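The values are calculated or read from the model by the stated rules, or taken from the named source; none is laboratory data. Computed from a prediction, not measured in an experiment: that's the story for all the values here. Here the Cβ is made from the backbone with ideal geometry for all residues, glycine too, and neighbour counts use every protein chain on show.
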Amino acid sequence: MPFYQNIKFRLIGLGLLLIAIGVAARHLVFLPAVQERVQEVVAGAHVSIATYVAHDIDHSIRMRRDLIRELADTLPPSLLAQPEDLAQWLGTRERLNPLFDRGILVLRPDGRLLARSPLADGAAPGARLDADWFDAVLQPEQAVIGKPRRDDAGGAPLLTGAAAVRGADKRVLAVLAGVVSLEAPGFLDDLQQTRLGASGGFLLVSPADGLFITASDPALALQPTPPPGADPLLDHAMAGYRGTGITSRSDGADALFSIAAVPSTGWLVVASAPAVEVFQPVEELRRLLWRNTFATVAGMLILLSLLLPRMLRPLTDAARSIREMADGGRELAPLPIPRHDEVGALVLGFNKLVAKLHEKEQALLQTMAKLDRLAGTDALTGASNRRQFYEAVEHELERFRRYRRPLALVMLDVDLFKTVNDRYGHATGDLVLQQIAHCIRATLRKPDSLTRWGGEEFLVLLPDTGLASAAALAERMRASIAAHHIDSVGCVTASFGVAELGESESRDEWVARADAALYRAKQGGRNRVEADHTVRPAAGAQTGPVQLNWDASFESGNGILDAEHRDLFDEVNRLLSALFSEARDAEIQPAIDSLLEKLKRHFHDEEQFLQAAGYPELGAHAVLHRALIQRAEALVDGFRSHRTEERALFTFLAHDVVAEHIVHEDRKYFPHLAASAGIHG
């Protein structure tokens, strides 16, 4: 019975389904709500911080603008004619209110320097370079803040505040300008040094000037803003958005941003933090929930594994007894009723069915015997039926006892075949069996035979084949079936059990070992090959004085190629054993034909793998293959006509094929094959 039809499996599945529903509810409802709440809380904090920073900057700007306005209003016009006294006056005011760390300048209306404070000694005389504020300050009753710029001498970021000195008639007598560094202590330096979380920070932007004034990243200071569309976060700010939200940064990462305005200048303070940092508590909660889920699943599985066997024991006992009867392990007979519940009702129904089956058993057996005699092959797949299989096995067993040749059996079962029948119908199931039989026959040699054992099970009888060779052939069958596409179904798989006939072993014991290996393949995950090593091959098999031993260093890492290499070693050893034991030509010739066929198939498979791996020396390698095949065919023809000595055949097999090609030449592509496997893995 497939595991998914087991009651224990279904009960466990129900428990897992309930847990899955809970997990889905937590991750689809609870966690999004938590994340939304975290965003609200963090966004509120960021808005408060951004607003505070904006107000602080606004206060600093207003102080400097009001100071320059006050100095312009209180500057005695008479000092404009006395530059030295005017410079002393500026120095006194500068010491009393050190808000302009780069000094104060007095310019004539035409822009020429009239006087400057001590801190402005380094300022260039032509201080009218900032025409934007100079022209604006000439307007009536207006103190202005200019566009931030860099110092021409040292490159330091500067900001200029200016106001006009007017006479009694409101005529502009001079222009008073104060210069402050953006990096001055207590001005904007705190914004540059402040971070939001691990990697978040602030931007101070002038939308009117298209300029980053300063930022937590000093490299952005006085850099032009990117064009629209380059930074969605900045686009929101430039478009007039004020508040908070989540958008993408220029690097593509999501960020939580908050925007606040600096009223006195029209500047914007943009606070942003990566969303991954903002929602870190949510991610930690998510991981905690996953750990809790895994612990719950483990606890449930342990609890159910302890309780379910006890609860279902009467049912499993009845099922085991029925299965033993169905398998022929015990006589078909009524079962004792364990208890008066659903299980008891089931057993009672079975007992009634047994009574009816006894009445029809003889007629059914007679009908099956007639059908078995009528059909020599399976009508659906074209494979042999059991009758032909038993006849073939008896023949091979006699040959095995006489010549001590190895004999192997492969049993395979189509994986999840009942699902195919249930989903697509029996007609499609029949098509699947036909296609699988076709795939198997395409991989078999002439002496091999295919039998449909029953339902979706097949047997393959492999004469003159050891366990390693049979496992390699089974792997080839498995790969062929798995790669074959069937209309309306797709690809299906099969599981394989392999067993070599042991000394004094009966046919049924041999088949049972293959069946047990097949069961292990099913239990191991399906779509795999399991070989039975519990019984050693027949003792006394023919061996010669020379045997080629396989070593792990000969492996390329490709499972199919390595299995074929080992198979070739076995074939060569069997042929050498026959040669050295002076067997008859009629016994040696089949071994030669089998070896030549496997050699051709291996060379073809090897070239396919090397082509897929992009091996640069494939052309030269293929030339060696063709030369070896031509030499092998010539030797085989010579052996048949008694023109080739056994010594020449031995030298070719042991030296040219194994030592020179498989052990030496093939090793050249191992590094490339391993590198290709690493890239594609």
Exercise for the section: Could you please find all residues in region 254-306 being at pLDDT 85 or above, over 27 Å from P148 (Cβ atoms) and in a strand (DSSP E or B)? Expected result: P274
Exercise for the section: Have a look at R69, R62, R95 and point out the one that is within 60 Å of the chain's Cα centre (by Cα) and basic (K, R). Expected result: R62
Problem - Conditions (1) in a helix (DSSP H, G or I); (2) modelled with pLDDT under 80; number of the one not met by L610 - result: (2)
Exercise for the section: For region 120-137, state whether one or more residues are modelled with pLDDT of 85 or more and not in a helix (DSSP H, G or I). Expected result: no
Exercise for the section: Among the residues of region 242-285, write down those that are farther than 30 Å from D66 by Cβ and of a type in the set (S, T, Y). Expected result: T244, T247, S248, S250, S272
Problem - Residue check, V393 closer than 18 Å to S506 by Cβ and β-branched (V, I, T) - result: yes
Handout entry: region 477-491, subset closer than 27 Å to F569 by Cβ and small (G, A, S), residue surrounded by the fewest Cβ atoms within 10 Å (Cβ to Cβ)
Key = A483
Practice task
Return the pairs, sorted by first residue and then second, in which the second residue is surrounded by fewer than 14 Cβ atoms within 10 Å (Cβ to Cβ) and hydrophobic (A, V, I, L, M, F, W, C), the first residue lies in region 20-36 and is touching a residue at least 24 places away in the same chain (Cβ under 8 Å), the beta carbons are less than 6 Å apart, and the residues are 6+ apart or on different chains.
Solution key: none
Handout entry: Close pairs from region 633-649: first at pLDDT below 80, partner of a type outside the set (G, A, S) and assigned to a loop (DSSP other than H, G, I, E, B), Cβ under 7 Å, at least 6 apart
Key = none
Handout entry: Conditions (1) surrounded by fewer than 16 Cβ atoms within 10 Å (Cβ to Cβ); (2) more than 50 Å from the chain's Cα centre (by Cα); (3) at pLDDT 80 or above: number failed by A153
Key = (3)
Exercise for the section: Return the total of residues in region 172-202 being out of contact with any Pro (no Cβ under 9 Å at 6 or more places or on another chain), more than 21 Å from L99 (Cβ to Cβ) and surrounded by fewer than 19 Cβ atoms within 10 Å (Cβ to Cβ). Expected result: 2
Problem - Enumeration of residues in region 203-247 that are buried (at least 18 other Cβ atoms within 10 Å of the Cβ), closer than 18 Å to A43 by Cα and out of contact with any Leu (no Cβ under 6 Å at 6 or more places or on another chain) - result: L203, L233, L234, T244
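Here's the yes/no breakdown for (1) assigned by TED's automatic domain parsing to the domain that holds S594; (2) at pLDDT below 90; (3) under 19 Å from S384 (Cβ atoms); (4) not β-branched (V, I, T):
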site	(1), (2), (3), (4)
D430	no, no, yes, yes
L450	no, no, yes, yes
G466	no, yes, no, yes
S506	no, no, no, yes
A521	no, no, no, yes
G525	no, no, no, yes
R528	no, no, no, yes
Practice task
Pick out the one residue from A318, A253, A298 that is loosely packed, with under 12 Cβ neighbours inside 10 Å, without any contact (Cβ under 8 Å) to a residue 40 or more places away in the chain and over 30 Å from R195 (Cβ atoms).
Solution key: A298
Practice task
Would you check if there is a residue in region 589-603 being at pLDDT 85 or above, acidic (D, E) and not assigned by TED's automatic domain parsing to the domain that holds A470?
Solution key: yes
Problem - Sole exception among (1) among the aromatic types (F, W, Y); (2) farther than 17 Å from S181 by Cα; (3) not in a helix (DSSP H, G or I) for F100, by number - result: (2)
Practice task
Kindly establish whether K147 is under 58 Å from the mean Cα position of the chain (by Cα), part of a loop (DSSP other than H, G, I, E, B) and of a type in the set (K, R).
Solution key: yes
Exercise for the section: Return yes when V535 is in contact with a strand residue (DSSP E or B) (Cβ under 8 Å, 6 or more places away or on another chain), in a loop (DSSP other than H, G, I, E, B) and modelled with pLDDT under 85 and no when it is not. Expected result: yes
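This table checks each residue for (1) under 19 Å from S506 (Cβ atoms); (2) among the aromatic types (F, W, Y); (3) surrounded by 22 or more Cβ atoms within 10 Å (Cβ to Cβ).
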| position | (1), (2), (3) |
| --- | --- |
| L409 | yes, no, yes |
| V414 | no, no, no |
| K418 | no, no, no |
| N421 | no, no, no |
| D430 | no, no, no |
| Q435 | no, no, no |
| T443 | no, no, no |
| S469 | no, no, yes |
Practice task
Go through the residues of region 658-678 one by one and say whether even a single one is within 22 Å of D567 (Cβ to Cβ) and not in a helix (DSSP H, G or I).
Solution key: no
Exercise for the section: Output the residues belonging to region 334-357 that are out of contact with any helix residue (DSSP H, G or I) (no Cβ under 9 Å at 6 or more places or on another chain) and modelled with pLDDT under 80. Expected result: H340
Practice task
Go over the candidates A514, A494, A521, A474 one by one and state the one that is more than 21 Å from L407 (Cβ to Cβ) and surrounded by 24 or more Cβ atoms within 10 Å (Cβ to Cβ).
Solution key: A494
